[in-house]
Amino acid sequence: MKRNVKNEFLPSEEDGAPRTQYGALCWRLHRGRLEVLLITSRETRRWVIPKGWPMDGKDAATAAAQEAWEEAGVTGEVGTEAVGFYGYDKTRKTAAALPCVVSVYPLRVEGLAKKFPERKERRRRWFGAGKAAKLVAEPELQALLSRLEEDPSAVAGGAVASA
């Protein structure tokens, strides 16, 4: 195991332990219905949520919001508590797949920029939570999105009742 700048132990790629990532579940209320924003991955073009590695000097929620900006052009209010977790194997061209666990933070979308860092590498699209659950490949992310279809208050709180 290696240590990061905060002197915490991190798994190495050689030990096979899952690596941590932070993801943003970008959502909005549209005509009284919860919708989530999915983006395509750069390599496989699968539908995913914005996610990435921990960032020095940023807590998990802030890192998730930064990924949402870079990958989808999203601005908004990010929640400080994870709404769920999911695992997946990150495929890489030059090495074996890397197991990852993603902590998912809700981000209420307030704006979508036309220009953002990865705009030429990805597509983005709004879906109802149930439809989004059918489009993503990861079973635990599917389950999280399906729960939101049944109970949007998990991310939207009282906003759903007032919409």
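Every number in this text was worked out from the coordinates using simple rules, so none of it is lab data. All values derive from a computational prediction rather than experimental measurement. Glycine also receives a Cβ, built like all others from the backbone with ideal geometry; neighbour counts cover every protein chain displayed.
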Angle between the Cα long axis of helix 139-150 and the longest principal axis of the chain, 0 to 90 degrees, nearest 10? 20
Only bridges with both residues in segment 20-155 count here: give the DSSP antiparallel percent, nearest 5. 75
I need the phi-derived Karplus couplings for segment 74-80: 6.51 cos²θ - 1.76 cosθ + 1.60, θ = phi - 60°, integer Hz, Gly and Pro marked x. 8, 10, x, 9, 9, x, 8
Based on C-alpha coordinates, I'd like the Rg and Dmax of segment 47-129, in Å. 13.3, 38
Label model pair R19, K120: point-to-point distance (7 angstrom along the Cα→beta-carbon line) in nm is 2.5
222 nm [θ] for the chain, helices only, -39500 (n - 2.57) per DSSP H run of 4+, per residue, to 500? -6500 deg cm²/dmol
Sorted by mean Cβ packing within 10 Å, highest first, what order do the peptides 129-136, 48-55, 81-88 take? 48-55, 129-136, 81-88
Quantify how much of the Cα-Cα distance distribution of segment 70-110 extends past 14 Å, in percent. 62
